[in-house]
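Every number in this text was worked out from the coordinates using simple rules, so none of it is lab data. Remember, predicted model here, so these are calculated numbers, not experimental data. FYI the Cβ positions are ideal-geometry reconstructions off the backbone, even for glycines, and counts take in every protein chain you see.
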Amino acid sequence: MPEGSRLADDRRRVTSELSSHRSSDGRFVNPWSDSTPPTFRDVITWSRTRRSTPRTQPVLPVHVQPDIVIPRAATDTLSATWVGHSTVLLQMGALNVLTDPMWSARASPVQWAGPHRLTTPGVTLDARPPIDVVLLSHNHYDHLDAASVRAIARRHPAARWFAPLGVARYVRRWGARAVTELDWWNTVDADGLRVACVPAQHASGRTPFDRMRTLWCGWTLRGGQHNIYFAGDTAYHPEFGEVASRYGPFDVCVLPVGAYEPRWFMRPVHVNPDEAVRAYTDIARAHPAAAPPIALAVHWGTFSLADEPVDEPPRRAAVAWSAAGLAPENLWILSLGETRHVPPRGA
Ligand code: ZN
Ligand code: ZN
């Protein structure tokens, strides 16, 4: 009897410790219905069809001169500068924040093969102001880049890095010092900042042997007068409204809009522009009395990772945005290097 009850207790304890997005073998899972990422077999099937997909010359995003304040902006200002892909420099008052820093020529374990950059970064490594916070969404090569992490860790040793479960070891190995690893719905308060790790529907892995071994996530960051949401890589899922209820209202939402075709393959891991707009409306609806956040469209125009034309995501995003009746000035599709300032809230 004592034996049996101890077993039950252990089982209960283990069950409560295992969150819904962690399976018993230590891998992570998307906890929602119909959210299983493509299998290796799916990758093979897709790569066969991909070769025959006709490609026309896309119109790539152009470069403009950034308007970054070095070293730091005034406390009442908030701006975003698009470096390319999911890399954004946010100047949240005097706080300088980078999302998924990716400066390398290829999103790949090696620099002689794998997806190559179609457009150069909009901000050079040397033109960056001191970096205070780096938000990392997951370990895919187009988001977690060893050379970029090393360069930032060397130039900005005081930067604080935030990573989902399992990802801190990479960045520590590459020289980052202050690294905080969080699970979904965990928050950290430090020096007037509140950082929250929030759910995303995606996948992870850098080799054929580590699929789903580390977590993927989005981030919210409140600092001073400003509050931002970086969605990472994600499919549409049911928690966008809950993220906003808990941590919003946001001034800026950095949302992915690219790498969505073919849908049978990409739908479980990447939103298409229509779903990005749906996610945005879930977020905005959570705080109907607040000024609607800016949606900054990223994850396009930099690497060709899917079957849609590289220049299609912003066009489709603009169509979906307008069809949803949203104010055009709140959808930001930036040029590379472009800095845009968020108007004061309520203005
Ligand atoms: Zn990814
Ligand atoms: Zn990605």
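Before moving on, here are some points about what is shown:
- In segment 164-256, Cα pairs under 8 Å separated by at least six residues give a relative contact order of 23 percent.
- Given charges at beta-carbon only (K, R positive; D, E negative), |dipole| of the chain in Debye: 840 debye
- Share, in percent, of DSSP beta bridges within the chain that are antiparallel, nearest 5: 60 percent
- Efficiency of FRET from Cβ geometry, residue 150 and residue 190, R₀ 25 Å, rounded to 0.05: 0.55
- Most positive-pole-ward Cα, 301, 342, 221, against dipole of the chain from beta carbon charges: 301
- Across all Cα pairs in the chain, the calculated P(r) in 10 Å bins from zero up to the longest distance comes to 5, 26, 36, 23, 7, 2, 1, 0 percent per bin.
- Least to most buried among 264, 332, 112, 184 (fewest other Cβ within 10 Å first): 112, 264, 332, 184
- Computed over segment 193-347, the percent of Cα pairs more than 18 Å apart is 58.
- Unit charges at the beta carbon, dipole of the chain: most positive-side option, 140, 91, 321: 140
- As a proxy for reagent exposure, 265, 162, 209 were ordered by neighbouring Cβ count within 10 angstrom, fewest first; the result is 209, 265, 162.
- Diagonalising the gyration tensor over the Cα atoms of segment 96-228 and scaling each eigenvalue by 5 before taking the square root yields semi-axes of 23, 19, 13 Å, largest first.
- Considering only the Cα atoms of segment 306-347, their convex hull presents on average a projected area of 4.1 nm².
- Kirkwood-type hydrodynamic radius, segment 172-281: 15.1 Å, calculated from all non-identical alpha-carbon pairs.
- Note on segment 260-347: percent of Cα-Cα distances in each 10 Å bin, starting at 0 and stopping at the bin with the largest distance, equals 15, 46, 31, 8, 0.
- Inter-site label distance for residue 178 and residue 323 at 7 Å from Cα along Cβ, in nm: 4.5 nm
- When the Gaussian network model of the chain links Cα atoms closer than 10 Å, the mean-square fluctuations of 233, 210, 145 top out at 210.
- Calculated Rg and Dmax of segment 132-204 using C-alpha coordinates, Å: 11.9, 33
- Structure remark: mean-square fluctuation, Gaussian network model of the chain, C-alpha springs under 10 Å; the largest value among 59, 88, 310 belongs to 59.
- Relative contact order, percent, the chain [alpha-carbon distance under 8 Å, six or more residues apart]: 19 percent
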